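The values are calculated or read from the model by the stated rules, or taken from the named source; none is laboratory data. For clarity, every value in this text was computed on a predicted model and none was experimentally measured. Positions of Cβ are backbone-derived with ideal geometry, glycine not excepted, and every protein chain shown enters the neighbour counts.
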Amino acid sequence: MKKAVCLLLALVLTFSAMPVTQARENEVTILAYICGTDLESEEGEATGDIREMIASGVGNSDSVTAIIATGGSSKWQRYGISNRNVQYYKLGGSSPELLKDVGRRSMGEASTLSDFLRYGISAAPAKRYVLILWDHGGGPVYGVCNDENYQSDGLSLAELHKGLVDGLNGTKLDIIAFDCCLMNCVDLCADLYGIADYSVLSQELVSGTGLNYDEWMKPLVSDPGIATEKIAMSMAETYIKENAGGRNPETATMSVIASDKMPAVMGAANAFSAALSALLSTNLAGVIRLRNQLTTFGEFLDYDASDLVDIEDMCDAFSALLPNECENLKQAAKQAVCYNVTTSDIASYAHGLSFFMPYDTIRSDKQEILAYYSDRPSDYATLAVALTNQAATSSGYTMTGSNYTPSNFYSYDNYYGGGSFSGSFYDIWDGYFGDYCSFDDAYDSCGGNIWSGLNSSSGSIWNGYSSSSGIWDGYNGGSYGPSAASTPSVGGIWAGLTDQTAAPAASPTQAPAETAAALALGSIWAGLLNNSTDYYQPGEQNQNVQEGISEAVSADDVLETANSFFTSAALTAQMIYSIQLNKADLDHLASASGVLSVKKGDETVRLGNLGQTTIDWSTGLVFSMFDGSWPMLQGQMVRAEFLYGDEDGNTRFVIPTRINGLKMYLLGSRAADGTMKLLGATQGYDENGFAIRGSIPLEAGMKIQPLFTAVAADGTEREYQGDEIIVPAEGLTLTWERIPSGSYQYCFGLTDLSGAVHYTDSVDISF
């Protein structure tokens with residue numbers, strides 16, 4: 001007995017002297033922080049992605065380990081995951097293996113994240129670490145990972161940074177990926193410098209299916225030595241591949257950002273922000289007008305947006321005001337975006353890195369914007385605060401233009417019906433685009449004779465150019481032809497014409513006469529839109545963004561828009577409407593849109609905006625074209641709210657509806673060739689302001705009621721439901737066609753610098 005005790009003691013002493021065995025170091029450890037929220041409780045999307053991870057075979061690898069944290073959802077659809085407590089699981093076999101239950105905790109707390117990181121790194125040490133944050137995303141203002149069980153408590157960017165720093169404790173992530181909407185922004189990416197080598201995040205909404213886990217994890221399991229950058233690129237590429245033909249077609253984007261480039265980006269962003277902030281006191285209107293031309297990611301209707309805009313697009317828009325700052329920021333952003341991939345029609349405005357520039361959300365989220373950015377010490381944050389405050393203080397202005405009635409100063413039918421339309425657009429457009437006169441012929445009697453439009457002094461857009469000192473003002477020396485060598489003495493319409501000294505060479509697809517005519521007309525518009533002889537004189541502090549507004553409303557844009565309307569196939573009922581704003585109203589104007597309405601009893605039902613409105617910022621003239629075409633769902637008019645169009649002529653819009661009683665949006669697009677397509681349906685944003693991930697397909701038997709806004713005589717607004725549409729077995733048909741015959745009303749919606757919309761009086765029209 002004594003010998004046995006001595007032997008046991010000797011064994012204990014021997015083993016106690018040996019080093020403690022450490023967990024074997026993996027090649028890669030994947031840590032996923034999965035806050036399920038309603039995405040899991042209602043749709044099971046979190047457990048769907050866990051299933052994808054398991055399918056990749058990660059649990060059978062000796063070199064790659066995946067550990068997940070679960071929580072934040074009132075109901076988990078699979079695997080017996082707790083709907084009350086935060087739990088840690090290791091992925092392997094056919095279901096997750098529970099490692100630890102850490103009790104009731106909010107996943108919106110920094111300490112919950114940091115504790116998980118410490119546990120995961122200790123349990124599965126590795127040469128490289130990949131962290132995934134999974135949930136809703138609300139951009140820089142609302143953060144990420146909002147716990148459904150704790151009143152949507154979420155990680156702000158400051159809390160996220162603290163959770164990462166505390167949890168990693170000096171360990172560096174190789175990749176941090178955000179399987180969440182709208183988390184691509186320059187301030188978050190800058191915060192990740194020194195924390196992760198690469199970040200993978202989306203500028204746009206992220207589909208409900210999220211990252212394609214089995215597709216990017218399988219190659220890693222097979223070859224754990226894959227370069228880190230290639231792993232990040234595979235995350236982005238496989239996500240886009242799945243979405244191109246899935247639930248979120250043509251609206252997906254994912255970027256890979258190199259963190260070591262972000263200090264340079266943030267430095268350039270601060271320089272741009274400081275310079276732009278300095279302009280707000282003297283040119284707030286100009287800044288907001290340019291901001292208003294940018295596409296906002298995650299937008300459904302104005303106040304449900306992220307206020308995140310693409311850096312490259314923003315720099316292009318503001319380059320006339322801040323050329324050096326814009327170029328520096330643009331080039332720095334290009335260096336930081338080491339991979340960017342999108343689906344089709346958003347490629348023109350999603351270049352990989354976003355900038356927070358508030359406008360759309362100021363009216364609804366002012367306090368949240370100020371609360372977040374007031375605590376961040378940077379010129380970037382100062383711009384967000386200053387723009388929010390100054391735009392908000394411009395509210396309350398009443399536009400006298402609301403008393404103006406839009407005038408229909410062009411109608412093809414009326415023109416040939418004997419009405420008096422001296423100086424109408426028809427003379428000009430027919431002269432150039434009806435018969436394609438040569439440049440010389442434009443001065444003679446070809447087509448409608450351009451000079452009949454210019455020589456009028458009443459009732460036309462040209463009023464003011466010819467009524468006082470004559471159309472020839474600006475010409476010196478009395479030489480009036482295209483070969484004239486004289487130079488105009490003032491700006492305005494002649495500025496472009498006198499630069500046109502010879503007809504340009506023909507393009508392969510255009511006759512010389514057509515090319516010359518089109519360019520000459522472009523020159524006219526260039527002069528018209530940059531006219532400096534009316535409201536805005538050189539040197540005024542509120543001058544028309546110097547010449548920079550041409551970046552937003554260019555002569556080419558006007559030319560292209562008008563030319564697309566004035567074609568031989570569409571000359572049956574072309575109409576142009578205009579109002580003339582006084583200088584005070586123009587100073588407060590941010591944007592304008594044409595609005596079509598119809599009378600229903602004592603109410604006026606707004607059918608939607610037309611998206612074809614142009615503002616001459618020099619003169620205060622607002623004009624809009626409407627040819628009677630409209631989106632039709634199963635032959636029924638619907639409210640179409642146009643969100644944006646790309647440079648190729650494609651447009652995207654939403655149709656407010658109720659689907660089986662639930663308020664939702666139909667997502668529609670119209671290609672440049674006129675092809676219409678329904679992309680699905682979405683709820684847009686939930687009650688907490690977070691975008692609903694992805695869209696749902698429309699199934700046979702669904703009940704759809706188009707929604708409109710009805711306005712009573714006293715201005716009271718209410719929701720108005722159109723006739724119910726049942727989705728047929730073959731699917732809904734969306735077309736672009738002539739509106740039904742009847743009486744309608746047309747007015748302008750004038751958006752002021754604070755984002756408030758003022759509606760003008762209406763003019764009656766009929767088709």
With the structure loaded, tell me whether TYR88 is under 23 Å from GLY57 (Cβ atoms) and among the aromatic types (Phe, Trp, Tyr) or whether it fails that test. yes
Tabulated pairs, the range 41-53, first in contact (Cβ under 8 Å) with a residue 40 or more places away in the chain, second surrounded by fewer than 20 Cβ atoms within 10 Å (Cβ to Cβ) and assigned to a helix (DSSP H, G or I), C-beta under 6 angstrom, 6+ apart or interchain: GLU52/ASP214
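Looking at GLY742, GLY715, GLY668, GLY689, can you tell me which residue is farther than 26 Å from GLU40 by Cα and at pLDDT below 85? Let's see the steps before the verdict.
On the way: GLY742 fails: at pLDDT below 85; GLY715 fails: at pLDDT below 85; GLY689 fails: farther than 26 Å from GLU40 by Cα.
The match here is GLY668.
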Which residue pairs have Cβ atoms closer than 9 Å, lie 6 or more positions apart in sequence or on different chains, and pair a first residue in the range 78-94 that is in contact (Cβ under 8 Å) with a residue 24 or more places away in the chain with a second residue that is aromatic (Phe, Trp, Tyr) and in a loop (DSSP other than H, G, I, E, B)? ASN83/TRP76
Read through the list (1) assigned to a loop (DSSP other than H, G, I, E, B); (2) more than 29 Å from ALA177 (Cβ to Cβ); (3) modelled with pLDDT of 95 or more, then give the number of the only condition that HIS351 fails. (2)
Specify which of the listed residues (GLY731, GLY722) is in contact with a Leu (Cβ under 8 Å, 6 or more places away or on another chain), under 11 Å from GLN634 (Cα atoms) and in the same structural domain as TYR759 (by TED's automatic domain parsing). GLY731
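Residue-by-condition table, conditions (1) within 25 Å of LYS127 (Cβ to Cβ); (2) among the acidic types (Asp, Glu); (3) buried (at least 22 other Cβ atoms within 10 Å of the Cβ):
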{"position": "HIS161", "(1), (2), (3)": "yes, no, no"}
{"position": "ILE176", "(1), (2), (3)": "yes, no, yes"}
{"position": "CYS181", "(1), (2), (3)": "no, no, yes"}
{"position": "CYS189", "(1), (2), (3)": "yes, no, yes"}
{"position": "PRO219", "(1), (2), (3)": "yes, no, no"}
Of (1) within 13 Å of the chain's Cα centre (by Cα); (2) outside any loop (DSSP other than H, G, I, E, B), ASN328 satisfies all except one. Which? (1)
Restricted to the range 261-275 and to residues being over 13 Å from LEU353 (Cβ atoms) and touching a Phe, Trp or Tyr at 6+ places or on another chain (Cβ under 7 Å), the residue surrounded by the most Cβ atoms within 10 Å (Cβ to Cβ) is SER273
Mind checking which residues of the range 619-656 are in contact with a helix residue (DSSP H, G or I) (Cβ under 8 Å, 6 or more places away or on another chain) and at pLDDT 85 or above? none
When you go through LYS241, LYS261 one by one, which is the residue that is under 24 Å from LEU667 (Cα atoms) and among the charged types (D, E, K, R)? LYS241
Assuming ARG376 fulfils every condition listed in (1) under 20 Å from LEU753 (Cβ atoms); (2) over 22 Å from the mean Cα position of the chain (by Cα) apart from one, which condition is it? (1)
Just give me the residues in the range 354-395 being in a loop (DSSP other than H, G, I, E, B), modelled with pLDDT of 90 or more and in contact with a Leu (Cβ under 6 Å, 6 or more places away or on another chain), in sequence order. PRO358
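Looking only at the range 615-629, count every residue that is assigned to a strand (DSSP E or B) and either surrounded by fewer than 20 Cβ atoms within 10 Å (Cβ to Cβ) or aliphatic (A, V, I, L, M) (or both) and tell me the total.
Total satisfying the criteria: 5.
Within the range 297-309, how many residues are more than 14 Å from THR751 (Cβ to Cβ) and buried (at least 20 other Cβ atoms within 10 Å of the Cβ)? Can you show your working first?
In the first step, residues of the range 297-309 are kept if they are more than 14 Å from THR751 (Cβ to Cβ); the result is 297-300, 304, 306-309.
Adding the requirement that they be buried (at least 20 other Cβ atoms within 10 Å of the Cβ) leaves 297-300, 306-309.
Residues in the range 297-309 being more than 14 Å from THR751 (Cβ to Cβ) and buried (at least 20 other Cβ atoms within 10 Å of the Cβ): 8 in total.
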(1) modelled with pLDDT of 50 or more; (2) out of contact with any strand residue (DSSP E or B) (no Cβ under 9 Å at 6 or more places or on another chain) all hold for SER568 apart from (1)
Going by the structure shown, is THR675 at pLDDT 75 or above and buried (at least 21 other Cβ atoms within 10 Å of the Cβ)? no
For THR37, work out the one condition from (1) under 22 Å from ILE175 (Cβ atoms); (2) in contact (Cβ under 8 Å) with a residue 60 or more places away in the chain it doesn't fulfil. (1)
What are the pairs, 6+ residues apart or on separate chains, where a residue within the range 576-599 that is among the basic types (Lys, Arg) has its Cβ under 7 Å from a residue that is buried (at least 22 other Cβ atoms within 10 Å of the Cβ)? none
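Please specify each residue of the range 607-616 satisfying the condition of being under 14 Å from ILE579 (Cβ atoms) and at pLDDT 75 or above.
Start the filter on the range 607-616 by keeping residues that are under 14 Å from ILE579 (Cβ atoms), which leaves 613-616.
The answer is THR613, THR614, ILE615.
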Restricting the first residue to the range 387-406 and requiring it to be loosely packed, with under 14 Cβ neighbours inside 10 Å, which pairs with a second residue that is among the acidic types (Asp, Glu) and at pLDDT 85 or above meet a Cβ separation below 7 Å and a spacing of at least six or different chains? THR400/ASP585
